[in-house]
Amino acid sequence: MRVCGRAWKLGDDVTTDHIIPGRLKYSVGSLEEMRKYVFHDLIPGFAELVRSGDIIVAGRNFGYGSSREHAARLLKIVGIGAVVASSFARIFYRNAINVGLPVVEADVEADQWDLMEVDLERGIVENKTKASSFKFKPFPREIMEIIVEGGVEEYFRKRGRFPWG
């Protein structure tokens, strides 16, 4: 499975409140309504600018903060194809896998709008703009199956069982 898109370059310590402000969690109704507030305080207009398949390239500790699943789910809803970061907060990482959003731990050199490709099966992130590549440890088969199906719920709906049992 490959994901291709433009890089959205972010730094270290991007919190779940940066992704979706906590103050909006209870004041906005559905996830579909919430999508327009993704990165609302960090990147105004992000929801209108993002394209399907775009890739977030970030530094250390991506997704720390609240354990709300909304942050990972909303990134997927707005069209983010993958998040590549030096490291992830544990709960965000697991939530992302659960909703079928690929999260790749790798130190990657990229600038805003560089064309990126993530090959999840081969464990390679390519910066097509800079003609450079970076390796990462590919997912185990069970996690890859969850991502391909679109998340744990879809996996279970289609297969009637979890991949680990």
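Of note:
- Within the shell of other residues whose beta carbon sits under 9 angstrom from the beta carbon of Gln112, the net charge comes to 0, with Lys and Arg scored +1 and Asp and Glu -1.
- Diffusion of the chain by Stokes-Einstein, at 10 °C in a medium of 1.306 mPa s and with Rh set to the Kirkwood radius over alpha-carbon pairs, works out to 100 µm²/s.
- Once the C-beta distance of Ala131 and Arg51 is scaled by a Förster radius of 30 Å, the resulting FRET efficiency is 0.85 to the nearest 0.05.
- Qualifying GluC sites (Glu not before Pro) in the range 67-128, where qualification requires a DSSP coil assignment and no more than 14 other C-beta atoms within 10 Å, comprise Glu109, Glu121.
- A simple count of charges around Lys130, restricted to other residues whose Cβ falls under 11 Å of its Cβ and scoring Lys, Arg +1 and Asp, Glu -1, yields -3.
- Charge sum, other residues only, whose C-beta stays under 12 Å from Ile80's C-beta, Lys/Arg counted +1 and Asp/Glu -1: +4
- Separation of the Val148 and Arg90 label points, Cα + 7 Å toward Cβ, nm: 2.9 nm
- With 10 Å bins from 0: P(r) over the range 1-62, alpha-carbon pairs, percent: 20, 49, 29, 2
- Per residue, the Cα convex hull of the range 91-165 amounts to 99 Å³.
- DSSP beta bridges fully contained in the range 2-137 are about 50 percent antiparallel.
- Length added when fully stretched, Lys9-Glu33, from 0.36 nm per residue minus Cα-Cα: 6.2 nm
All of the numbers you see were taken from the coordinates with simple rules; none came from a lab. Please read these numbers as outputs of a predicted model, since none were measured by experiment. Note that we place each Cβ from the backbone using ideal geometry, even for glycine, and neighbour counts take in every protein chain shown.
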